[in-house]
Amino acid sequence: MACPNDKPWLRLGVVIGKRKVALAVKRNRLRRLVREQFRLEQAKLSGLDWVVLVQAAANQGPSRDVLRCDLAALCSRVLKQCQRASSSS
């Protein structure tokens, strides 16, 4: 989920439920990977508040490349939706 904010920087929230990913080590690894991907993409994503909800499928321990591709696709999809919403209003 993403919504515009009035700040020139990106704000990120990562939600990983204990029931979805039981081990804290895996939850922290996923959190680090998500934050790193957003850090790399922050120039394109600035001015938005992001909340990333990690699903149970992430429990399998996806590789960094798979996660990077998934997050890049998610970011581009959300950015297109935000652009459509701002152009229609």
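The values are calculated or read from the model by the stated rules, or taken from the named source; none is laboratory data. For clarity, every value in this text was computed on a predicted model and none was experimentally measured. Don't worry about glycine lacking a Cβ; one is built from the backbone with ideal geometry, like all the others, and counts go over all protein chains shown.
Write out, first by first residue and then by second, each pair whose Cβ atoms fall under 6 Å of each other, whose residues are 6+ apart or on separate chains, and whose first residue, in the stretch 1-21, is in contact (Cβ under 8 Å) with a residue 40 or more places away in the chain and hydroxyl-bearing (Ser, Thr, Tyr) while the second is in a loop (DSSP other than H, G, I, E, B) and loosely packed, with under 11 Cβ neighbours inside 10 Å.
Going by the 6 Å Cβ cut-off, there are no qualifying pairs.
Can you list the helices (runs of 4 or more DSSP H) lying wholly within the chain that have 1 or more residues being loosely packed, with under 11 Cβ neighbours inside 10 Å and modelled with pLDDT of 80 or more?
Values: elements: 24-40, 42-45, 64-88.
By residue number, 24-40, 64-88.
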